[in-house]
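**Q** Below you'll find the structure I mean.
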Amino acid sequence: MATKNKTNRSVKKRIKVTGGGKLKYAKVGRRHLNAHMTTKRKRGLRKAGIIQGRPSVLKKYKLALGIS
């Protein structure tokens, strides 16, 4: 008897699925120690990141989220 895969809770908290099926995450490095960073770098970290790569990479994250 086949069982359902459990959702990885840590991945669920960090990654959101967009309407088009892309995987979106918040970029790291904005919490503290920002004084030495350039404004351009901090502005770039403000934007959400999109997980890109081979289909096998995306499949790994989607399986962890419970999406087939």
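**Q** Helix 55-65: angle to the longest alpha-carbon principal axis of the chain, degrees 0 to 90, nearest 10?
**A** 80
**Q** Using the Cα centre of the chain as the reference point, and only Cβ charges (+1 on K/R, -1 on D/E), how large is the resulting charge dipole? Debye, rounded to the nearest 20.
**A** The dipole magnitude comes to about 220 debye.
**Q** If you count, for each residue, the other Cβ atoms within 10 Å and average over each peptide, how do 57-63, 13-19 line up from highest to lowest?
**A** 57-63, 13-19
**Q** Continuing with this model, one more query. Per residue, how much space in cubic angstrom lies within the convex hull of the C-alpha atoms of the stretch 9-65?
**A** In the stretch 9-65, the Cα hull volume divided by residue count equals 99 Å³.
**Q** Which residue, chosen from 7, 35, 19, occupies the Cα position most advanced towards the positive end of the dipole of the chain, where the dipole is computed from +1 (Lys, Arg) and -1 (Asp, Glu) charges on Cβ about the Cα centre?
**A** The one lying farthest along the dipole's positive direction is 35.
**Q** Mind checking which lysines have their C-alpha under 30 Å from residue 27, skipping anything on the same chain fewer than 8 residues away?
**A** 6, 12, 13, 16, 40, 42, 47, 59, 60, 62
None of the figures in this text is laboratory data; all of them are computed from the coordinates on show. Computed from a predicted structure; not experimentally measured. Note: ideal-geometry Cβ built from the backbone for every residue, glycine included; neighbour counts use all protein chains shown.
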